[in-house]
């Protein structure tokens, strides 16, 4: 009995110390307003020109929230819902007002083998139904593993489509192999064709859409409004979550170099640096389990303007990263304890909106 009691005490103590390792200070001078209530997992959302919102529920629903009503969009492709997979990110074409294209990522069972893998599709909406559906990219092979699908979507300043695909739990196979999908950032033209200046367009056997490689599971990606660079963050294992600035053809190291460890606490590698592999702009140890990403690019929040916001699934808060000279110089916890922060967007009104699992979409208010 004493042994059991001691074991329980040690478990509680270790758990407490583990959680306490996140030492980012809590900023209590902020609150939130629920804008879209009662959502399960708002993995991605985007504002339409009229101010209404398209929301991807991971379970496989696109919801149009307009005039305080939720209207479900029909006509979706078959979606493989398993583990971290399902209906994921959503974005508008830069010229959406004229062409009406929406882009979304999802786990698709299309192709050979059981299971699924990340796919990118574009479509238009008419009478609350998807029309003109075009599959732009489908990662192979399918697998029944439920982890590391990616998969954020961003258009850059030149109208190129960038998206991420995680390494699908095959860390020793996919991230460093240019002939395989997974563990990569990809770049396409808006119609799904491969740009002629992609870095591996002439590399024998390589997937031509690859832009960078050596990633683990990037679930945050955003265009920096000041520098116009593509920024990502990605999940490490036990520690080693990273923020990276994505550059053409670069290798970001996973799993050859990492600041993380196996979940068991054992070492993955003894290397954190290696020639020819990029260092992260910033990393977290312990892991905060980052998801969603947005820059504050408005005057609504005073001196927070220019900050990078990252959601924490593990510690249930919004992490404000103050950036100076390309470095994170300060972090603080906003909306502390709100729930698992899954997605973040700056709205057309300049306010920040946050998708929180089992809550909904909320507006960040600075007091």
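The values are calculated or read from the model by the stated rules, or taken from the named source; none is laboratory data. In this text, all values refer to a predicted model and were calculated from it rather than measured experimentally. With ideal geometry, Cβ positions are generated from the backbone for all residues, glycine too; neighbour counts draw on all protein chains shown.
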*Kindly provide the set of residues from region 239-267 that are more than 21 Å from the chain's Cα centre (by Cα) and in contact (Cβ under 8 Å) with a residue 60 or more places away in the chain, ordered by number.*
256
*asked:* Among the residues of region 96-119, are any touching a strand residue (DSSP E or B) at 6+ places or on another chain (Cβ under 6 Å), free of Cβ contacts under 8 Å to residues at least 12 places away in the same chain and closer than 21 Å to residue 64 by Cβ?
replied: no
*Check 220, 236 and return the single one that is out of contact with any helix residue (DSSP H, G or I) (no Cβ under 8 Å at 6 or more places or on another chain), touching a residue at least 12 places away in the same chain (Cβ under 8 Å) and part of a loop (DSSP other than H, G, I, E, B).*
236
*All positions within region 290-312 that are without any contact (Cβ under 8 Å) to a residue 40 or more places away in the chain and either part of a loop (DSSP other than H, G, I, E, B) or within 16 Å of residue 224 (Cβ to Cβ) (or both)*: 305, 307
*Within region 20-38, can you find the residues that are within 23 Å of the chain's Cα centre (by Cα), part of a strand (DSSP E or B) and either surrounded by 14 or more Cβ atoms within 10 Å (Cβ to Cβ) or modelled with pLDDT under 95 (or both)?*
32, 35, 36
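Here is a yes/no grid of residues against (1) surrounded by fewer than 18 Cβ atoms within 10 Å (Cβ to Cβ); (2) in contact with a strand residue (DSSP E or B) (Cβ under 8 Å, 6 or more places away or on another chain); (3) at negative phi:
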{"residue": "307", "(1), (2), (3)": "no, yes, yes"}
{"residue": "316", "(1), (2), (3)": "no, yes, no"}
{"residue": "321", "(1), (2), (3)": "no, yes, yes"}
{"residue": "327", "(1), (2), (3)": "yes, yes, yes"}
{"residue": "332", "(1), (2), (3)": "no, yes, yes"}
{"residue": "343", "(1), (2), (3)": "no, yes, yes"}
{"residue": "346", "(1), (2), (3)": "no, yes, yes"}
{"residue": "349", "(1), (2), (3)": "yes, no, yes"}
{"residue": "354", "(1), (2), (3)": "no, yes, yes"}
